[in-house]
Amino acid sequence: MGGVKLGKLLGFDITIDWSWLLIFFLVVYTLANGYFPRLYPGFDIATSWLVGVVAALLLFGSVLVHELSHSVVARSHGTPVKGIMLFLFGGMSQTAEEPKSAKEEFWTAIVGPATSLGLGAFFYMIGGIGIILNWPEPLVAICGYVALINFLLGAFNLAPGFPLDGGRVLRSVIWAATNDLTKSTQYASYAGQAVGYGLMAVGFVEILTGGPISGLWLIFIGWFVTGAARTSYQQVLIRQALSGVRVEQVMTTDVPVIPAETSVRKFIDEHLLRHEYSCYPVTSDGHVVGVVGIEEVRSVPSNEWDVTPVGRVAHKVNSEYKISADEDAWNALARLADGNVCRLLVMENDQLKGTIGRDAVFRLVQTKLQLGL
Ligand SMILES: [Zn+2]
């Protein structure tokens, strides 16, 4: 996922997804044209927009504080957090591993909504003091909005559907009771899908009863939660199947290497059309110099197949393509899933030991799942 890196906070890299820029504009627009003018008819246009921008920034800050609280607690349990990605209505703390215990999961999850509800109460109080002290109306309006948004953030995230915080709490409770991470993830994921469909249903009712915009938002969020619940369960299954598996154990040693001077036609006829692999290492003088596959030869017009050597169209090998034999197979899959690299080369002292492709990793996962391993 691409995004804009904002910098470091408390040692975590903060990135915002591109979608956030659009959401930010939508939020400012809705606040300046709907929310604030309706609540405070006295605001002129400039005040409404200014208050809208400040309120949207504070919404952004509130989401960030929520995510920071997760990350700080995760880190204090010894789980490394790479950074925080903010997208749509929420964010995600990017952890490379599953929590180690139900207890860690519980505290890491619950701290987010607790922080949001706490922030909500804080701004509610400040707004109240502002009213008593006769602060300017825009200031009170902003406090009121930030209080509301934090209460909503806290409440929404408490919904008991994985991967929402409430769903993680649910998972940790089932996990503690059954001692089975996979089972508990499965149940929490079902709950997450139920929450998602529930939101979508409420959205449809909203639309039918005359709230098309809020209805569409709910349907969209519901759809998002449903999908996230499903994929995060699959991810746990894959991660578990690959836990403790090293690259060496999944790599193949029987992918033929292609000399760089081989013509594209010969490569297609003798390899692409004959073997199950779609991507091959290319060698020159006994050294691996590139990787070539369907994508690369597709760019060559068929009347030039005979005169074009694969070496000319192959991807040059750089560190992006190399992986060491004792690295985690999960890391290999994560790199292959990015989509830029079709096959990783397992190198040792400049010597090719084997290669690893997506297909092989998935086959292993599938086999292990079928065998119930
Ligand atoms: Zn959260």
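Residue count for the range 192-218 satisfying the condition of being among the hydroxyl-bearing types (Ser, Thr, Tyr) and not in a helix (DSSP H, G or I): 1.
Residues of the range 195-214 include at least one that is more than 24 Å from residue 114 (Cα to Cα) and buried (at least 21 other Cβ atoms within 10 Å of the Cβ). Tallying residues that are buried (at least 18 other Cβ atoms within 10 Å of the Cβ), touching a residue at least 60 places away in the same chain (Cβ under 8 Å) and over 17 Å from residue 337 (Cβ atoms) within the range 223-250 yields 2.
Specify the residue that is surrounded by the fewest Cβ atoms within 10 Å (Cβ to Cβ); the eligible residues are those in the range 325-364 that are of a type in the set (D, E, K, R) and assigned to a helix (DSSP H, G or I). Reasoning before the result, please.
Applying the first criterion (of a type in the set (D, E, K, R)) to the range 325-364 yields 326-328, 335, 338, 343, 348, 350, 353, 358-359, 363.
Narrowing further to those that are assigned to a helix (DSSP H, G or I): 335, 358-359, 363.
Numbers: 335: 18, 358: 19, 359: 15, 363: 12.
Per the criteria, the residue is 363.
Mind checking which residues of the range 289-311 are surrounded by fewer than 15 Cβ atoms within 10 Å (Cβ to Cβ) and either touching a residue at least 60 places away in the same chain (Cβ under 8 Å) or farther than 20 Å from residue 277 by Cα (or both)? Result: 301, 302, 303, 304, 306, 307.
If you check 165, 180, which single one turns out to be within 16 Å of the ligand (Cβ to nearest atom) and either among the acidic types (Asp, Glu) or more than 26 Å from the chain's Cα centre (by Cα) (or both)?
The match here is 165.
Would you call residue 148 in contact (Cβ under 8 Å) with a residue 24 or more places away in the chain, more than 16 Å from the ligand (Cβ to nearest atom) and either crowded, with 22+ Cβ neighbours inside 10 Å or assigned to a helix (DSSP H, G or I) (or both)? Spelling it out, residue 148 is indeed in contact (Cβ under 8 Å) with a residue 24 or more places away in the chain, more than 16 Å from the ligand (Cβ to nearest atom) and either crowded, with 22+ Cβ neighbours inside 10 Å or assigned to a helix (DSSP H, G or I) (or both).
Residues of the range 249-296 that are part of a strand (DSSP E or B), within 20 Å of residue 308 (Cβ to Cβ) and among the hydroxyl-bearing types (Ser, Thr, Tyr): 263, 280, 283, 284. Residues considered: 221, 174. Of these, the only one that is more than 22 Å from residue 23 (Cβ to Cβ) and in a helix (DSSP H, G or I) is 174.
Can you confirm whether the range 13-20 contains a residue that is without any contact (Cβ under 8 Å) to a residue 60 or more places away in the chain and either loosely packed, with under 15 Cβ neighbours inside 10 Å or assigned to a helix (DSSP H, G or I) (or both)?
The answer is yes; a qualifying residue exists.
Has the range 151-161 got any residue that is outside any loop (DSSP other than H, G, I, E, B), over 29 Å from residue 74 (Cα atoms) and more than 13 Å from the ligand (Cβ to nearest atom)?
no
Answer yes or no: is there a residue in the range 122-139 that is within 16 Å of the ligand (Cβ to nearest atom) and not aliphatic (A, V, I, L, M).
Initial filter on the range 122-139 (within 16 Å of the ligand (Cβ to nearest atom)): none.
Looking for residues that are within 16 Å of the ligand (Cβ to nearest atom) and not aliphatic (A, V, I, L, M), one finds none in the range 122-139, hence no.
Rundown of residues vs (1) more than 13 Å from the ligand (Cβ to nearest atom); (2) modelled with pLDDT of 90 or more; (3) on the phi > 0 side of the Ramachandran plot, yes/no style:
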site: 42; (1), (2), (3): yes, no, no
site: 48; (1), (2), (3): yes, no, no
site: 60; (1), (2), (3): yes, no, no
site: 68; (1), (2), (3): no, yes, no
site: 72; (1), (2), (3): no, yes, no
site: 78; (1), (2), (3): yes, no, yes
site: 82; (1), (2), (3): yes, no, no
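The values are calculated or read from the model by the stated rules, or taken from the named source; none is laboratory data. Please read all numbers here as calculations on a predicted model, not as lab measurements. Ideal geometry is used to build each Cβ from the backbone, glycine not excepted, and the neighbour counts take in all protein chains shown.
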